[in-house]
Amino acid sequence: MTRYNAMRELPDTAGFKEGDVLFLCGELFGRGYANGIVDEARAKGMTVIGSTVGRRETDGRLRALTDEELAAAEASLGGKIINIPLEAGFDLEPGQDGIAPADRFKGVKPDDWASVRLDPEQIRFSKERGSERFRGNLAAVVAQLQGMLPATGNLLVVHTMAGGIPRARVFMPILNKLFKGQGDRFLSSEAFWNSDMGRLCNESFNEVTADTFGYLIEATAPFRERLSVRYAAYGYHGCEVLIDGAYTWQSYTPYLQGWAKIRLEDIALAAWEKGIKATVYNCPEIQTNSSALFLGVENSLYPLLGALRMEGEGKIAEECQGLLREGVSIEALLERANAYLSSPIVTATRDLASWPQHNSPKQQEFMLNCSAELIAMNADQKEIVCAVLSRGVFQGVGKLMFDSSWEPQAPLYWLNHDVIAKRLANQA
Ligand SMILES: NC(=O)c1ccc[n+]([C@@H]2O[C@H](COP(=O)([O-])OP(=O)(O)OC[C@H]3O[C@@H](n4cnc5c(N)ncnc54)[C@H](O)[C@@H]3O)[C@@H](O)[C@H]2O)c1
C-alpha cells in the first residue's frame with residue numbers, strides 16, 4: 001500500500017518557544033495520548049489552550065463545564081480551556097420525526113441486532129443537525145481562540161477526538177460480545193458491521209473520529225493568514241512491533257474504527273494537496289480510557305520491551321519487572337507475547353492492504369486467552385506493566401509528533417515501536 005510511511009529517523013528538535021501556542025481539540029484524560037504532546041509544549045514554555053466536549057445533563061441537554069469542572073480541567077491541562085461544548089456526533093440529535101438515533105432502540109434486546117431497521121433518511125437528518133451543532137460550536141471556539149492568539153508566530157493544532165458509539169443502552173452488551181465474546185457469546189464483527197446498527201456506528205465513527213478534523217482545518221483557515229499553522233492528529237492503522245526479532249506490521253482485530261481512521265488519513269492527504277500542513281500520526285496500541293473496550297489490544301504492546309532492550313533503554317523494563325509476579329521474568333512475558341503475534345491463527349489474516357480485518361471465533365478466543373494469560377503475569381491486576389508501557393509510548397509519541405510538527409514533511413506517518421524505542425532511549 002503506497003500510503004504506508006514509517007518514520008524511521010528521529011526528527012530534529014522543534015523550535016517552538018514561549019509565545020507559540022498549542023491548541024488541543026478534544027479533552028485531555030489522565031492516561032490519554034494527548035498528554036505526551038501537551039507535556040512537550042509546556043516544557044517549551046508554549047501557551048497551551050484546550051477545549052471540552054461538554055457534559056450531558058440527565059435530560060439530554062448538552063452544556064459547558066461548571067466552574068468547578070472547568071477549574072479541575074484547566075489544572076490538569078496546565079492552560080486555559082475554551083468552555084464551549086465540542087461534542088461531536090449525532091446520536092442524541094432528533095430526526096425529522098423528533099426521535100434521536102439513540103432513542104430508536106426502545107424495546108430492542110441485544111439479540112435482536114440483526115433485525116433492527118433504521119430509516120436512512122432519518123439518520124441523515126440527525127447527522128446533518130449534529131454536524132451543524134458541532135460546526136457552530138467550533139466557530140464560537142475559534143472566535144474566542146482568535147482573541148487569545150499572538151499577532152505572529154506558531155500555532156500547533158492537535159486533534160485527539162475519536163469515538164461515536166451511539167449512547168443507547170443496547171449497544172454495550174452487543175459490543176461487549178463483539179469485542180470480548182467467546183464460544184456461545186462470540187459475535188461476528190462483519191455480520192454486525194453489515195447490519196443497520198453497524199451502519200449507524202460507521203456513520204457515527206466517521207463523524208466523530210474523522211470529519212471533525214476536516215471541520216477543524218476549515219474553521220481555522222483565517223489563522224493561516226497570519227500565523228504559521230500546522231495540524232497533527234492521532235491515527236491508528238496497525239503498527240510494527242518486534243516479532244521473531246524483526247519489526248513486523250500487525251494490527252488489533254476487529255478494529256471497527258478502522259474505516260473512520262482511513263477517512264481521517266484521507267482528510268490529511270486532501271489538506272496537504274492544498275498546501276496545508278496537516279499530518280496524521282498512526283500510533284501504537286496502548287491502554288487509555290478509549291481503548292479499554294478493546295481487550296487484547298495490549299497484546300501488541302509487550303514487544304516494546306524487546307525494542308527498548310535493542311536500543312539500550314533499561315529503565316522501563318526495570319519498572320515493569322517490579323510489577324510482575326514472583327518468578328515471572330520479562331523474558332517469559334516477551335516469549336508469550338511473541339508466541340501470540342507469530343501464531344498462524346493471528347498471521348493468517350494479517351494484511352495491510354485489506355485492513356481492517358474482521359474477527360473470527362478462533363482468532364478472538366486466542367487473542368482473549370493470551371491477553372488473560374499475559375495480564376495474569378502481573379502481581380497486582382490493578383498495577384500492570386501495560387500502564388507503564390502505555391505511558392512510555394505516549395511520551396515517546398508526544399515528542400516525535402511535537403518535533404516532527406516543527407517542519408512537517410508528510411501528511412501521514414506510522415510511529416512504530418522502532419522509532420519510539422529509539423526516542424525513549426535517546427531522551428536526555
Ligand atoms: N489507545 C490506543 O491504542 C490508540 C492507538 C492509536 C491512536 N489512538 C488515538 O489517539 C487519540 C486519543 O485517544 P486515546 O486512546 O488517548 O483516548 P482518550 O480517551 O484519552 O481520548 C479520546 C478523545 O476523544 C474525545 N471524544 C470522545 N468522544 C467524543 C465525541 N463524541 N465528541 C468529541 N470528542 C470526543 C475525548 O474527549 C478525548 O479527547 C484518538 O484519536 C485515538 O483514536 C489511540
### Query
How far apart, in nm, are the 7 Å Cα→Cβ label points at R169 and R8?
5.5
## Note on the structure
Once normalised by the length of the chain, the mean sequence separation of its alpha carbon contacts under 8 Å that are 6 or more apart gives a contact order in percent of 22
### Message
Ranking request for peptides 151-157, 341-347: highest mean number of other beta-carbon atoms within 10 Å first, then the rest in descending order.
### Response
151-157, 341-347
### Query
So how do 354-361, 27-34, 324-331 stack up, highest first, on mean other-Cβ count within 10 Å?
27-34, 354-361, 324-331
### Query
How big is D, in µm² s⁻¹, for region 345-400 by Stokes-Einstein at 25 °C and 0.890 mPa s if Rh is the Kirkwood radius over C-alpha pairs?
177
### Task
Take the alpha carbon atoms of region 27-69, find their center, do the same for region 362-428, and report the distance between the two centers in whole angstrom.
22
### Message
Given axes a ≥ b ≥ c from the Cα gyration tensor, I'd like to know whether region 202-268 is rounded (a/c under 1.5), prolate (a/b larger than b/c) or oblate.
### Response
oblate
### Message
Can you find, among Q250, H417, Y281, the residue sitting farthest towards the positive end of the charge dipole of the chain, where Lys and Arg contribute +1 and Asp and Glu -1 at Cβ?
### Response
Y281
### Query
Mean separation of Cα pairs under 8 Å and 6+ residues apart, divided by the residue count of region 61-178: what relative contact order is that in percent?
31
### Task
May I ask for the percentage of alpha-carbon pairs in the chain that lie more than 34 Å from each other?
32
### Task
Given the peptides 100-113, 362-375, arrange them by the average over their residues of other C-beta atoms within 10 Å, most packed first.
362-375, 100-113
### Message
So for region 310-428, averaging the separation of alpha carbon pairs under 8 Å that are six or more residues apart and normalising by length, what relative contact order in percent results?
### Response
38
### Query
For the chain, list the DSSP H helices whose alpha carbon atoms reach 20 Å or more along the long axis and whose average Kyte-Doolittle value is -0.5 or above?
258-273, 361-375, 385-404
### Mean residue ellipticity (222 nm) of the chain, computed from DSSP H runs ≥ 4 via -39,500 (n - 2.57), nearest 500
-12500 deg cm²/dmol
### Summary
Rounded to the nearest 5, the percent of antiparallel DSSP beta bridges in the chain equals 25
### Query
Nearest 20 debye, what's the magnitude of the dipole of the chain about its Cα centre given +1 on Lys and Arg Cβ and -1 on Asp and Glu Cβ?
400
### Summary
A348 and A151 label points (each 7 Å along its Cα→Cβ direction) are spaced in nm at 6.7
### Summary
By the Cα gyration tensor axes a ≥ b ≥ c (a/c under 1.5 gives rounded; else a/b larger than b/c gives prolate, otherwise oblate), the shape of region 162-278 is oblate
### Summary
Simple SL model, points at 7 angstrom along Cα→Cβ for E68 and A410; separation in nm is 4.9
### Task
At 0.36 nm per residue, minus the direct Cα-Cα distance, what do D111 and K17 gain on full extension? Give it in nm, one decimal, please.
28.3 nm
### Message
For M310, M7, M172, which order do you get if you count the other beta carbons within 10 Å of each Cβ and list the fewest first?
### Response
M172, M310, M7
#### Entry: Value in Å of the Kirkwood radius, where region 209-328 supplies the Cα pairs that are averaged
16.9
### Query
Is the shape of region 269-428 best called rounded, prolate or oblate, per the rule: a/c under 1.5 gives rounded, else a/b larger than b/c gives prolate, else oblate, with a ≥ b ≥ c the square roots of the Cα gyration tensor eigenvalues?
oblate
### Query
Applying 1/(1 + (r/R0)^6) with R0 = 41 Å to the Cβ-Cβ distance of R31 and E273, what FRET efficiency is obtained, to the nearest 0.05?
0.70
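Readers should treat all values here as calculations from the given coordinates under stated rules, not as data from a laboratory. This is a predicted model, so every value here is computed, not measured. Positions of Cβ are generated from backbone atoms using ideal geometry, with glycine treated the same way; all protein chains shown enter the neighbour counts.
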